[in-house]
1. What dipole magnitude, in Debye to the nearest 20, does segment 2-174 give about its Cα centre under +1 on Lys/Arg Cβ and -1 on Asp/Glu Cβ?
2. With only Lys, Arg, Asp and Glu charged, each at its Cβ (+1 for the first two, -1 for the last two), find how big the charge dipole of segment 247-363 is about the Cα centre; round to the nearest 20 debye.
3. Mind checking the per residue accessible area of the chain for me, 1.4 Å probe, whole number of Å²?
4. Can you tell me how segment 136-253 classifies by the Cα gyration tensor, rounded, prolate or oblate, using a/c under 1.5 as the rounded cut?
5. Considering the dipole of the chain built from charges on the beta carbon (Lys and Arg +1, Asp and Glu -1) around the Cα centre, which of Met294, Phe159, Thr348 is farthest to its positive end?
6. From the helices alone, meaning DSSP H stretches of at least four residues, give me the mean residue ellipticity at 222 nm for the chain, per-run term -39500 (n - 2.57), in deg cm²/dmol to the nearest 500.
7. Suppose R0 equals 25 Å. What FRET efficiency, 1/(1 + (r/R0)^6) with r the Cβ-Cβ distance, do Leu66 and Arg122 give to the nearest 0.05?
8. What range in the chain is the longest one free of chymotrypsin sites (Phe, Trp or Tyr not before Pro) that are in a loop by DSSP and have at most 15 other Cβ atoms within 10 angstrom?
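The values are calculated or read from the model by the stated rules, or taken from the named source; none is laboratory data. Keep in mind that this is a model prediction, so the values were computed, not measured. Cβ placement follows ideal geometry from the backbone for every residue including glycine, while neighbour counts extend to all protein chains displayed. Protein only, heavy atoms only, side chains kept; ligands, DNA and RNA dropped before computing areas. Shrake-Rupley method; radii C 1.70, N 1.55, O 1.52, S 1.80 Å.
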Amino acid sequence: MSDSISVQTSTEDIYELHFGYDLSAELEEFVQHYGSAKAFLMVDAFVLKHHRTHFEKALKSHFNELHIFEVPRGEQAKNIEIYKQAVDFVLSEGAERGTPLIAIGGGVTGDLSGFVAATVLRGLPLIHIPTTLLAMVDSSIGGKTGINHHTGKNLVGSFYQPAAVFADVKYLETLPEKEWVNGLSEVLKYGMIHSPEILEQVNTLIKENTFVDGKSWLPLIQQSAKIKVEIVAEDVLEAGKRAFLNFGHTFAHVIEKQGDYKLYSHGEAVYAGMIAAVHASNSLGANIDLSNLMQFKPLYKLNLNEVKASPEELVYLMKTDKKVKDEQIQLILLKELSSPYVYKVSDTAFVQRAWEHTLNIFT
Ligand SMILES: O=C(O)C(=O)C[C@@H](O)[C@H](O)[C@H](O)COP(=O)(O)O
């Protein structure tokens with residue numbers, strides 16, 4: 001006979017997402033939770049150049065010391081070497097367990113900083129200040145942190161929830177068009193898997209103002225974030241429905257890797273990946289009109305020539321995906337718009353055809 005002890009753990013930490021234009025006052029108030037000695041800031045290089053005075057205004061009044069680590073631009077920065085540099089920086093500048101780490105930037109900065117916060121001293125308080133559309137609607141929410149490995153995207157990481165998220169659309173004023181389009185894919189994803197009316201709303205916004213006015217995107221940003229929050233709250237560690245957020249991503253991660261994380265942005269790859277996923281869904285009996293996505297193609301300056309692999313090889317590469325189970329690829333597909341499901345692939349022929357179709361569209 002053996003005794004047992006139950007250990008109840010909870011990863012469902014509660015934190016607030018704040019949305020608005022110029023959240024300096026809210027941020028200043030929130031950081032009063034922490035000691036005033038110091039804070040670490042991991043800041044995207046472009047954001048540091050253009051917005052330093054904006055975020056320092058809110059933080060300098062509370063913290064005696066701000067230690068800033070500049071995160072190089074681009075997905076390539078999400079690697080073990082930059083991670084090591086950031087850890088060295090934070091530890092050598094005297095981080096304590098209560099010292100907050102504030103991530104200011106897009107998805108790359110957030111994922112990398114989140115992983116540093118999760119691992120240094122087994123956890124520093126993490127505050128996200130997403131500065132891109134993608135980070136506001138997706139990567140700053142839900143606690144996925146990590147870096148890329150040469151075998152595949154986001155393969156080293158952890159779930160680590162932030163203490164708060166401040167999505168301040170003032171940062172969008174300097175967002176380059178390519179970055180808007182990068183984030184748009186995740187917004188379109190919510191339209192495909194959850195709320196088809198989003199596709200129409202994006203269309204209207206694009207016609208009215210092509211990526212200039214962050215304020216007018218605020219309702220759509222909040223709506224998108226709300227969908228993510230709803231899904232993540234039910235399945236924090238991706239044991240079930242959270243995987244729906246990976247719609248298009250099993251294809252996308254392969255595209256990004258084939259482009260060495262520099263030729264194709266995450267959003268471009270997700271856009272192509274969603275088209276492949278719709279094709280695959282239709283092969284299995286759905287009847288989804290591809291124009292739901294294709295109507296946005298003129299925004300994507302995407303050429304997949306550099307993927308340089310056959311559909312068969314691309315299917316093989318999908319096997320490094322984190323959703324692979326018993327060596328079988330699991331795809332997120334759609335029965336119809338807003339009706340996603342997980343499909344375990346046994347015969348890969350239809351996945352190859354989805355790749356063929358997608359490569360043809362983008363060459
Ligand atoms: O938060 C999630 O869960 C997602 O899958 C959201 C994705 O849009 C996001 O790109 C995520 O980082 C991908 O995660 P991964 O587990 O496929 O690496």
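1. The dipole of segment 2-174 has a size of about 400 debye.
2. Numbers: 12 positive and 13 negative charges, 42 e Å.
My answer is approximately 200 debye.
3. Values: 15870 Å² over 363 residues.
Counting only protein heavy atoms, the per-residue value for the chain is 44 Å².
4. Numbers: a/c = 1.62, a/b = 1.51, b/c = 1.07.
The shape class here is prolate.
5. So the residue we want is Thr348.
6. On the way: 12 runs with 151 residues, N = 363.
After summing the helix terms and dividing by residue count, I get -13000 deg cm²/dmol.
7. Numbers: r = 23 Å, r/R0 = 0.93.
For R0 = 25 Å, the calculated efficiency reads 0.60.
8. Details: sites that count: Tyr15, Tyr21.
Free of exposed loop sites, the longest segment is 22-363.
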